[in-house]
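Working notes, beginning with the structure itself.
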Amino acid sequence: VLRSPIFDVSEETLFALAGERPSGLSLIASLRQHAGESAALAAIAAQLDTWSDEAAFKPVFEFYAGALARDGLRKKMIARLGPEAGDILDEFLSFCLAEERTGLPGLESFLSTLENAGPEIKREMDQTRDEVRVMTVHAAKGLEAPVVFLVDGGSAPFSDQHLPRLMPFEGSGDHWDGKGYLWRSASDVANGFSRAASVRARELADDEYRRLLYVGMTRAEDRLIVCGYHGKRPPNAGTWHSIVSRALVGAPESAERQHPATGETVHRFHVTKLPPVGHAAAEEARQTTQFEPLPKSLFQPLPPFEDLPRPLSPSGASALIDEAKQAVIDTGSPVLDTEAEPGFAVMRGLALHKLLQMLPGIAEAERRDAAARYLKRAGAQWPETERDKALASVATILADSHFDQLFASNSRAEVAVMGRLEVKGKLRSISGKIDRLAVTSGKVSIVDYKTNRPAPATLADVPPAYVLQLALYRALLQPLYPEHEVSAALLFTEAPRLIELPPAVMDDALARLTGA
């Protein structure tokens, strides 16, 4: 950090701080010791202390965004590293924001994620930029530019020194049939087999060298300038510049010119109008082929798409059993009859559902305190007795050994399900959410929470709508678990009491719904 563009400490100062410090003394402690000797070092120490304090309590994105913008780090990095650093900083901030929203909080966990699974930033090199790009031919694959300079170093494209000491080869079959490696010996002790392997390697290298020449030349959109340099020795006859010169200098489109800066003779190959390209015989034959007329069905409109009706909620499906049945009018007053006030009942039911969803994932010793804190927020307007009753109901359910399998590690809460079912001759979409789903070997258990007051004592007291709701859940899950027995039960939190629904009762409710 000290040597980076952030602080730009010189090599001499950094050596005095790090290399000459006593054994066991940290670098930051050494910096604080020397802070009194230099105002610049004192400012660096103060800035590091400020960032250390902010990193202890600020979110990751807020910390880095403030350091880059408010403290001017972005300006310093771009001034030292160039405009490309801005793209990297933008991607870094996007990664910070994404990890802050989805990952673990804290700078330490973020740095661990960045180190192990950091983003890979790729620049779009084909974008038009006001800059000169210097790259190898390999890196230029797939890119184009209006003007391309192909610079030739003048050295031989291949040398025996480029060959590895261990050269792979295949046996001829006379003495040994297989694959192996051949030690490449010096030329004075080489035999015919090793010389043949070297010649073959040279041929492959020459082919690759010429292929790269083709790649480099085809990167130019409008103008290609092939140039190069060489030392005291004349350039090799197999270099790119030599190959291009032999091919184009004698062409009618080439002309000699004087270089405007050095006065050297250069050659220009210029083509403005290309001759028309004649159609190949196969293409002409294909154009004269008579095609059969298109089928009439291709021009007929498609049949209208039949939209499915609005998804049916299992909790309200009982209304379809008898659509002519009128709703029962509630004569109770939501103001005077406070015990029957529907808003409180709904809020109380939602709170109990949330507790039964989240508490199984908390350590048993911490559950009661967590539930009390949640009810204090969610039930702030409730009477104190109601909060105590809700807390006691949830604690009793989670402590009951009869419900251990229901809240085991192989169970899930709030499982959304959706499917299709034919209801009275019409295909209906069924969409709902199962309060608790437990899957064991050979059995799938569905449980729905109910907060009725008073809780039903027997199966006969259970409202038919509850039975139909679980029957629909069971019908949706049976195709997903063909090898399992799917059972359903109602958990009335007030008792608490678990009432299992026999399969025959659910089949009967489903038959009355579907009209089967």
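Every number in this text was worked out from the coordinates using simple rules, so none of it is lab data. Given the structure is predicted, the values throughout are model-derived calculations rather than measurements. So basically every Cβ, Gly included, is an ideal-geometry build from the backbone, and we count neighbours across all protein chains shown.
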Subject >> Glu54/Phe92 FRET efficiency (R0 30 Å; Cβ-Cβ; nearest 0.05) >> reply: 0.95
Subject >> Normalised convex hull volume, the range 11-117, alpha-carbon set, Å³ per residue >> reply: 140 Å³
Original post:
If each of Ala139 and Lys424 carries a label point 7 Å out from its Cα toward its Cβ, how far apart are those two points in nm?
Top reply: 7.2 nm
Subject >> Near-label residues of the range 190-216 by backbone N, under 15 Å of a point 7 Å along Cα→Cβ of Asn236 >> reply: 199-213
Original post:
For the chain, what relative contact order do you get, as a whole percent, if you take Cα pairs closer than 8 Å and at least 6 residues apart?
Top reply: 9 percent
Subject >> Distribution of pairwise C-alpha distances over the range 343-399, 10 Å bins, in % >> reply: 23, 62, 14, 0
Original post:
Assigning unit charges at the beta carbon (Lys, Arg +1; Asp, Glu -1) and nothing else, what dipole magnitude in debye, to the nearest 20, does the range 343-399 show about its Cα centre?
Top reply: 140 debye
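Using the Cα centre as the reference, give the magnitude of the dipole from point charges on the C-beta atoms of the chain (Lys, Arg: +1; Asp, Glu: -1; all else neutral), rounded to the nearest 20 debye. Provide the component values of the computation, followed by the final result.
On the way: 57 positive and 69 negative charges, 143 e Å.
About 680 debye.
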Original post:
Roughly what % antiparallel, to the nearest 5, for the DSSP beta bridges in the chain?
Top reply: 65 percent
**OP:** Enter the angle in degrees (range 0 to 90, nearest 10) between the Cα long axis of helix 60-69 and the first principal axis of the Cα atoms of the chain, meaning the one along which they spread out most.
**Re:** 40 degrees
Subject >> For the range 344-483, alpha-carbon Rg over 2.2 N^0.38 Å >> reply: 1.17
Subject >> Gyration tensor over alpha-carbon atoms, the range 424-497, equivalent ellipsoid semi-axes in Å >> reply: 23, 17, 10
Original post:
Angle between the Cα long axis of helix 192-217 and the longest principal axis of the chain, 0 to 90 degrees, nearest 10?
Top reply: 70 degrees
Original post:
In µm²/s, what is D for the chain at 10 °C and 1.306 mPa s, where D = kT/(6 pi eta Rh) by Stokes-Einstein and Rh is the Kirkwood radius from Cα pairs?
Top reply: 46 µm²/s
Original post:
If one takes the longest principal axis of the Cα atoms in the chain, at what angle in degrees, from 0 to 90 and to the nearest 10, does the Cα axis of helix 107-117 lie?
Top reply: 60 degrees
Original post:
To the nearest Å, what is the center-to-center distance of the range 371-400 and the range 142-216, using C-alpha atoms only?
Top reply: 79 Å
Original post:
Label Arg268 and Asp507 with points 7 Å out from Cα along Cα→Cβ: what is the distance between them in nm?
Top reply: 9.4 nm
Original post:
With the dipole of the range 384-427 worked out from charges on the C-beta (+1 for Lys and Arg, -1 for Asp and Glu) around the Cα centre, which of Ser409, Leu398, Gly425 lies farthest toward the positive end?
Top reply: Gly425
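Work out how much length Val439 to Asp71 would gain on full extension: take 0.36 nm times their residue separation and subtract the Cα-Cα distance, in nm to one decimal.
127.0 nm
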Subject >> Charge-dipole axis of the chain as Lys and Arg at +1 and Asp and Glu at -1 on Cβ define it, positive-most pick from Leu476, Pro83, Ser254 >> reply: Ser254
Subject >> Selected from Leu359, Tyr374, Ala345, residue furthest toward positive end of dipole (the range 343-399; charges at beta carbon) >> reply: Ala345
